[in-house]
4 protein chains.
Amino acid sequence: MTAVFSHPIVVRYHEMDMQGVVFNMWYLAYFDEAMSAFIEANDLAYTALQDDGFDVQLVHLDVDWTASLRFGEAADVTVEVANVGNTSFALDFAVRQGGRPVCTAHIVYVCVALDGGGKQPLPAPLRAALTA
Amino acid sequence: MTAVFSHPIVVRYHEMDMQGVVFNMWYLAYFDEAMSAFIEANDLAYTALQDDGFDVQLVHLDVDWTASLRFGEAADVTVEVANVGNTSFALDFAVRQGGRPVCTAHIVYVCVALDGGGKQPLPAPLRAALTA
Amino acid sequence: MTAVFSHPIVVRYHEMDMQGVVFNMWYLAYFDEAMSAFIEANDLAYTALQDDGFDVQLVHLDVDWTASLRFGEAADVTVEVANVGNTSFALDFAVRQGGRPVCTAHIVYVCVALDGGGKQPLPAPLRAALTA
Amino acid sequence: MTAVFSHPIVVRYHEMDMQGVVFNMWYLAYFDEAMSAFIEANDLAYTALQDDGFDVQLVHLDVDWTASLRFGEAADVTVEVANVGNTSFALDFAVRQGGRPVCTAHIVYVCVALDGGGKQPLPAPLRAALTA
């Protein structure tokens, strides 16, 4: 049995829009923060990945919202590995606030060289973190 | 024959990440800006929609990236109506930079009342703008 | 003796610029977050202030930077009351990372009515939180 | 007689806060965008500066607000050179909307090497752009 990884976030004032709910783009910041925390929880600091000359880029994203988040609310972003390929991997995210589902997302990342060398096979430490 | 609506954007410094490309969340700001401009080009100011007590929220989003944008680059965001329902509508977006495709997106919006009254049938001016 | 209030932040990926340091505007988000946390630590939820029909706006800001912040770094934002007037108040902020000073700021806020009624005398709960 | 440089901006939806006005941090994005445009208008592309291994960082900022900006409003950001030193320079900004003053700002920038080499004398093309 594997416990699902969960990253806590708290909604900040500047993330709110005129409707009094979090503007859509900030969810992508939440997913990014949760992805980094997930990798780090699996023994790979995201900065270590970068020090080795690698980073990741999004190639596909889909999000389905069923509710909103409001200013000051604490929420959890769960992260699960959906797929690990040669040069890419996919994660599933779910945002929940007090047990209430807010949205789910599926993101496909490709590994790239920071020197502009393009797509790269997942380096061993990243592969290890994703299959931990 | 209908000309496709196109909204110009220029990449700003704060939208760049450590990799020297636009960070993913800013594309959602581009889509939002293009959506407003599209509606306005069809004779409905977005602020007029709000003055009437309505706004829109995202319920579904998917994006596929094939390239990146860099600082200072000028790009075009095209907008096409994919679907118009009772309380929701969907738009297709494509971002191109100098003829080079960068990403495509499909977004489903639901119309909501600003007073917290939830989902609403599309008001007539919005329906007219979307079916112009 | 009064302990200085301190709010912890962690630098997020999207706050980084092409130079590999936090882009200047995000410090204002840190100050805002620290201000809300400071008020809340003094027994006034920021959302309660809003529920009562009040909010605050910046009328003056100055910041002096002596260092930068990098991705993933944990820093502390200290908050001290500099002045409490009739319709305005001022806070002093300092950002430190691992004992290293990063920047200091002085911000003057004015209290406003959410209904557009303009400048207002500080409501009693806000005055109490600032003079606690 | 020198004409004052002016850069047009349009307020975007995600820059609005719950009060229905632009959240303070976005003004720093406006100043940054205007600074780049100002330098470019004086025959130095900001990206050329970076290609030569240089960038700028803020060491001091002060802003005074007298009004707000709302969604969709078009405003102008004027830029004037306040000072040109050896490793630093200062610019004065003013934001006006339809003739209405919104805020003024004074920003001191220091020139840095992109390779982490720290403070640098202003490279000749930048000095030329600032004294044009």
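The values are calculated or read from the model by the stated rules, or taken from the named source; none is laboratory data. Note that the structure is a prediction, hence the values are computed from the model and not measured. Neighbour counts run over all protein chains shown; Cβ positions are idealised from the backbone, glycine included.
Before moving on, here are some points about what is shown:
- With respect to the stated conditions, C:GLU80 is over 30 Å from D:LYS119 (Cα atoms), away from chain D (no Cβ under 14 Å) and part of a strand (DSSP E or B).
- Which listed residue, of A:LEU44, A:LEU69, A:LEU49, A:LEU58, is in contact (Cβ under 8 Å) with a residue 12 or more places away in the chain and within 11 Å of chain B (Cβ to nearest Cβ): A:LEU58
- Residue within the stretch A:122-132 that is part of a strand (DSSP E or B) and touching a residue at least 24 places away in the same chain (Cβ under 8 Å) present: no
- Restricted to the stretch B:12-26, and to residues there that are farther than 16 Å from C:TRP26 by Cβ and not small (Gly, Ala, Ser), the residue that is modelled with the lowest pLDDT is B:GLN19.
- One residue from D:LEU69, D:LEU44, D:LEU58, D:LEU28 being assigned to a strand (DSSP E or B) and surrounded by 19 or more Cβ atoms within 10 Å (Cβ to Cβ): D:LEU58
- Residue, nearest to the chain's Cα centre (by Cα), within the stretch D:72-94, restricted to residues that are without any contact (Cβ under 8 Å) to a residue 40 or more places away in the chain and closer than 25 Å to D:PRO123 by Cα: D:ASP92
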